[in-house]
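For reference, the structure discussed in these notes is given below.
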Amino acid sequence: MGSILSGAGLVQSLARPGGNVTGITTISRELGGKRLELLKEAVPKIARVAVLYDAASPGIVPDVKEVLPVAARALGLSIQPWEIRNVDDFDRVFAALNKQRPDGLSVAGGRLMSDHQKRIVGFASKSRLPALYPTREAVDVGGLMSYGANQADIYRRVAYYVDRILKGAKPADLPVEQPTKFELVINLKTAKQIGVEIPPEVLARASKLIK
């Protein structure tokens, strides 16, 4: 993950970020593969997964292009990345997905994904497409599943950084932290609506079940 951030020109390294940038990063090369794994465990019959990602996000693109294909092969899945560069791309991609009919959808993240998550959730629900999202907010508005960093824990760590900087610490000297707590959230109402029965062993691992 350090290579992603430094490659994007954001920091020199996680331990010594340099410049005026530090804090918490939720970019991780492991998360994309873990989400595919969870989606496969939740819906074992899936074979083809569409991956929606923000092409303007420097941390997301390497994950989609380099890491996900390897993870997919290990899981016996085939993936089809779909890049979103602007708002108009959603209709084009959704139309293509309606024709191709993949078995599942993984939303890789990025600002466009976050800004239009209700639109994505609405499409997935209407298409009865099992989908996994990077943030719990998507599940709160009807998405099937999410797996990502625990937001409450991130907010606490951000407050710590603000306190240190206000007391005189230089951002360049504060290491960039990676999240240590992750949560799996599942919307059981959505599962029922789209006809998906999630195995008990996956439900047992969930941090939160929305009923």
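Structure above, values below:
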item	result
Rounded to the nearest 20 debye, dipole of segment 25-106 from Cβ charges on Lys, Arg, Asp, Glu	320 debye
Between segment 40-69 and segment 113-139, the alpha-carbon center distance in angstrom	14 Å
Accessible area of E83 in the full protein assembly, 1.4 Å probe (Å², nearest 10)	60 Å²
Listed residues T190, T135 arranged by accessible area, highest first, probe 1.4 Å	T135, T190
Partner lysines for K192 [C-alpha distance under 23 Å; skip if fewer than 8 residues away on the same chain]	K40, K45, K118, K126, K208, K211
R101 accessible area, assembled protein chains, probe 1.4 Å, Å²	110 Å²
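The values are calculated or read from the model by the stated rules, or taken from the named source; none is laboratory data. Every value quoted in this text rests on a predicted model; they were computed, and no experiment measured them. Don't worry about glycine lacking a Cβ; one is built from the backbone with ideal geometry, like all the others, and counts go over all protein chains shown. Heavy atoms of the whole protein, side chains included, go into the accessibility calculation; ligands, DNA and RNA do not. Shrake-Rupley method; radii C 1.70, N 1.55, O 1.52, S 1.80 Å.
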